[in-house]
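> If you scroll down you'll find the structure; I have some questions about it.
The values are calculated or read from the model by the stated rules, or taken from the named source; none is laboratory data. In this text the structure is predicted, and so the values were computed from the model without any measurement. Methodologically, a virtual Cβ is constructed for each residue, glycine included, from the backbone with ideal geometry; neighbour enumeration extends over all protein chains shown. To get the accessible areas, we keep the full protein, side chains included, count just its heavy atoms, and leave off ligands, DNA and RNA. Shrake-Rupley method; radii C 1.70, N 1.55, O 1.52, S 1.80 Å.
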Amino acid sequence: GNDSLFWYDTGGRMVGSGASFTTPSINSTTTFYAENQTGKGDKVGAISNAIGNGGYLNGTYGLAFDARKFFKLISVLVYANTAGNRTIELRNANNQVLQTGTYNLAVGAQRVYLNFDVPQANDLKLVLGAGSDQLYRNNSGANYSNYDVSQTIEIYAPTAGNLSYYYYFYDWYI
């Protein structure tokens, strides 16, 4: 497989990947760790927001999926229309928050490093947290029959709306 270098902060959150890492502005002594992982990751979900029409929305919506085995959700691609914090949550079938993170986003397309540990379970959800500013979502063009990785994950529906909707989280890297 391929070797990949992942960078983490002291809280264990992934802050980057690749051979080098540029820190954000730092005002005090800060420690970062690098971890080399062997293997090829998989990508899943709509590759970009070019699948159809859409716009920006800030509802607590997202995507529903089944995890056929444990995996790490490393990152997703999002589109923000304003700079600022967004909360992203992994929820279970009972809507309980399993993992959450708040990410300071810039305007435009960007990869968000979630580093969520996803348990083997059905009817999980990746959603935008309450009170978050808007992210882009498609209201046409989704094709859920294409959003799976054999024996690992199947993204099967939006959490609201009809099956042509695709909320917020594109090009998952697992």
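> Suppose we keep only residues that are open to solvent by 60 Å² or more (accessible area, probe 1.4 Å) and at negative phi within the range 140-153. Which one would you say is modelled with the highest pLDDT?
Checking each candidate, the answer is 143.
> Oh, and also: Residue under question is residue 93, and the condition is that it be among the hydrophobic types (A, V, I, L, M, F, W, C), surrounded by fewer than 17 Cβ atoms within 10 Å (Cβ to Cβ) and assigned to a loop (DSSP other than H, G, I, E, B); does it hold?
So residue 93 fits the description; yes.
> Of (1) under 14 Å from the mean Cα position of the chain (by Cα); (2) more than 22 Å from residue 15 (Cα to Cα); (3) modelled with pLDDT under 95, residue 72 satisfies all except one. Which?
Answer for residue 72: the failing condition is (2).
> Hey, residue 130 hits all of (1) surrounded by 14 or more Cβ atoms within 10 Å (Cβ to Cβ); (2) among the aliphatic types (A, V, I, L, M); (3) over 16 Å from residue 45 (Cα atoms) but one; which does it fall short on?
If we test residue 130 against (1) surrounded by 14 or more Cβ atoms within 10 Å (Cβ to Cβ); (2) among the aliphatic types (A, V, I, L, M); (3) over 16 Å from residue 45 (Cα atoms), just (1) comes out false.
> In the range 124-151, how many are over 16 Å from the mean Cα position of the chain (by Cα) and farther than 22 Å from residue 57 by Cβ?
Count: 4.
> Within the range 127-172, track down each residue that is under 20 Å from residue 91 (Cβ atoms), among the hydroxyl-bearing types (Ser, Thr, Tyr) and either part of a strand (DSSP E or B) or touching a His at 6+ places or on another chain (Cβ under 7 Å) (or both).
Answer for the range 127-172, where residues must be under 20 Å from residue 91 (Cβ atoms), among the hydroxyl-bearing types (Ser, Thr, Tyr) and either part of a strand (DSSP E or B) or touching a His at 6+ places or on another chain (Cβ under 7 Å) (or both): 156, 166, 167, 170.
> Among the candidates 83, 67, 46, single out the residue that is touching a Pro at 6+ places or on another chain (Cβ under 9 Å) and either open to solvent by less than 80 Å² (accessible area, probe 1.4 Å) or among the small types (Gly, Ala, Ser) (or both).
67
> If you check every pair at least six apart or on different chains, which have Cβ atoms under 8 Å apart with a residue in the range 145-170 that is closer than 16 Å to residue 47 by Cα first and a residue that is open to solvent by less than 60 Å² (accessible area, probe 1.4 Å) and basic (Lys, Arg) second?
Close Cβ pairs (under 8 Å, with a partner that is open to solvent by less than 60 Å² (accessible area, probe 1.4 Å) and basic (Lys, Arg)) amount to 165/137; 166/137; 167/137; 168/137.
> Given the structure, is residue 108 touching a helix residue (DSSP H, G or I) at 6+ places or on another chain (Cβ under 9 Å) and at positive phi?
So residue 108 fails the test.
> OK, next. Out of all the residues in the range 65-107, which are closer than 23 Å to residue 149 by Cα and of a type in the set (S, T, N, Q)?
75, 92, 99
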